[in-house]
Structure formats: structure tokens, C-alpha cells
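Student: Let me begin by handing over the structure; questions about it come next.
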Amino acid sequence: MISFVGAGPGDMELLTVKGQRRLQEADAVIYDRLVNPLLLFHCQKDCQLIYVGKTPYQPTMKQEAINQLLVETHQKYHRIVRLKGGDPVIFGRLTEELAAITAAGIDFEIVPGITSASATAAYNGISLTERGTARSVTFMTGHLKNNDPQAFPVLEQEQTICLYMGMEDLAQFVAHLLQQGFDPKTKAAVISWGTYGRQQKVTSTLAELAVQVKVAGIKNPAIVLIGAAVLGQEQFSWFDQLPNFGKRQLLVATRPPNIEELVSYTSQGADIWWHQVGEERDQRFDEISERYLSEQSFCQILFMDEQAKDVYKRNDCPFG
């Protein structure tokens, strides 16, 4: 059995109860780059953790190889979780993987997750379907299969537009909307790493959006929200008001964490990683930690035990 599980947008508490249970039961987990790796601490000590992350503009595992990996992993393990960022049925390339495993006669289930558009909007006080303002919501992607040229559709103005993977063609998309009659003063926001403590946000008018995003240096992963409903963030944004929002803390320990202590940091808005050191560490996380620390930076180190402090300072190798 392969369970396709939506990991949610980033905040580790935005995982469904069913998704959490599947991780706790799994013999192997195949996960993407946009999955918060803190979720892997839900897994059993003997669970195989397999990374198939896709990093923009860098060589990565092709989709066909991931499809084959799913089939091969099923030959070795009984309970497999394919962990995808957000919701697997929304821009998750789900059917390509389903086609591969069904052709091999493998049973599956789909456990939906919270998609980044709704979660990021909620964490910034934006109601995607604000009464009297947005009669509908459109989810669309700025990235097509095989990098084919994007042909953006004609869109209604009394709605909220949620553009996924649209940073590369953001200026083109804005120009398209203006050409079809959108008011240049339409409210818009670009939010990167939504629901993480490292979240960045730019709000602007539609006409100025691409310029403001460039000035701010915001890059993928980011969601673009366009429409009058974006005004809500000026009054109701709450996540960035948490006491530790924006604090980037590296927690160093000789032991694995428990989920409750991780949540005690993230629920206050901090962006964290749990980094294990010492001979008794869970070595499955060596590669995960090395990769994560190469992509993310942390401004504060918190030692969770004295031995961790000694090991970390004594060894040039961070894993000790």
C-alpha cells in the first residue's frame, strides 16, 4: 500500500491526523523538498527516509525516476508514504505517480492536505472568498509540464486569484491582467515560505507588484494572491504578530526531539531545525540536516543539553 499524504504548506501542525498516523506507521517515506523535514520526526526509528526533492534551476530527480522509485520501494516495504508538500491533488503531479503504480498493480490511498494558497492566506488574515468582494477563487500555475510556454486565461475581476509557481513569469502575468482590463490599483501580495517563521511578504498594487517583489528579493517557493480580498491582511494578519515570528533558531541536541517541544517553538512563530550530534544520534538525519543547513540559515543556536554543546564546539564536523 502506498499512501499519498499531503504534508501541508510548512507549519508542522498543519498536518492532518490521518497523515500523522500514516507517518507513524510507515516503513518508508518518500518526500519532497517543500515538505517540512521536521515532520519526519513522526516516523519510527527503523523507517527508511528517501529524499526526491525538486530544487528549481538545479539538477533533480526526474518525475519518471520518482515513478519507478515508487514501484521499486513497494517491492521492499509494506507501508509506504509518498509525502508531498501542500495537498497532493493541487499541482502535485499526483496522477503521473498514480498511473505508474496502478500499472504495477499497487494499491494506494490519497490523504489530502492543506494547500499553500488557503493556508498562507489564512496566516495573513486574507479571506479568499470575502463576502461582497470575491465571488470565486481561481487556483492556477505559472509552471507547465516540460516548461511549455504559459498561456494565461482570461480571468474575472471579482475573485481572488492564487498563482502557484509563478515567480518566473510574474511580470508577464501581471501584464496579461492589465491588458485584459484589471485595475492597476488592484491589491496583490506575494508571500514566500508561507506559514513558516521565515515567511516573507510583499503587498502592493497590481501595477507595482513585479517591481516590489524584485526589490524585496522574494523568490520561490511563493504564492501570488491577487484581488480586493488581499486588503484583509492590513487589518487581520496575525501570524507575523506572534512573539517569536522571524526568529531562526537551530536546536542542537544529542537526542531526537519529541513533537511537543518542536511545536512549543513553531507555535510562537519561530523557524527552527533540530540538529542532532554525537555518537548516539539518529544517523538517518545526517543527510537531511546537512542538506537543510546548506539551504537555510539560522541566527541563534540553542543547545538542548550540555553534551551537545561540547560535541558541537569540539568537532569541525557538525555531526560529531
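Student: Filter segment 1-22 for residues that are open to solvent by 50 Å² or more (accessible area, probe 1.4 Å) and either part of a loop (DSSP other than H, G, I, E, B) or over 27 Å from A122 (Cβ atoms) (or both) and give the result.
Tutor: M1, E13
Student: Filter segment 213-238 down to the residues that are buried (at least 17 other Cβ atoms within 10 Å of the Cβ) and more than 18 Å from L128 (Cβ to Cβ) and list them by number.
Tutor: V213, I218, N220, P221
Student: Could you grab me the full set of residues in segment 23-39 that are open to solvent by 50 Å² or more (accessible area, probe 1.4 Å) and within 14 Å of G113 (Cα to Cα)?
Tutor: L34, the sole residue that qualifies.
Student: Can I ask one more? Of the numbered conditions (1) open to solvent by less than 40 Å² (accessible area, probe 1.4 Å); (2) within 18 Å of the chain's Cα centre (by Cα); (3) within 30 Å of L209 (Cα to Cα), L262 satisfies every one except a single condition; which is it?
Tutor: (3)
Student: Which of the residues belonging to segment 195-212 are in contact (Cβ under 8 Å) with a residue 24 or more places away in the chain and open to solvent by 10 Å² or more (accessible area, probe 1.4 Å)?
Tutor: Once the filter is applied, which keeps residues that are in contact (Cβ under 8 Å) with a residue 24 or more places away in the chain and open to solvent by 10 Å² or more (accessible area, probe 1.4 Å), segment 195-212 yields Y196, R198, Q199, K201, T203, A207, A210.
Student: In addition: Looking at segment 239-253 only, could you name the residues that are without any contact (Cβ under 8 Å) to a residue 60 or more places away in the chain and open to solvent by 30 Å² or more (accessible area, probe 1.4 Å)?
Tutor: Once the filter is applied, which keeps residues that are without any contact (Cβ under 8 Å) to a residue 60 or more places away in the chain and open to solvent by 30 Å² or more (accessible area, probe 1.4 Å), segment 239-253 yields Q241, L242, P243, N244, F245, G246, K247, R248.
The values are calculated or read from the model by the stated rules, or taken from the named source; none is laboratory data. These numbers were taken from a predicted model, which means no experiment stands behind them. Ideal geometry is used to build each Cβ from the backbone, glycine not excepted, and the neighbour counts take in all protein chains shown. Keep in mind that these areas ignore ligands, DNA and RNA; they rest on the heavy atoms of the full protein, side chains included. Shrake-Rupley method; radii C 1.70, N 1.55, O 1.52, S 1.80 Å.
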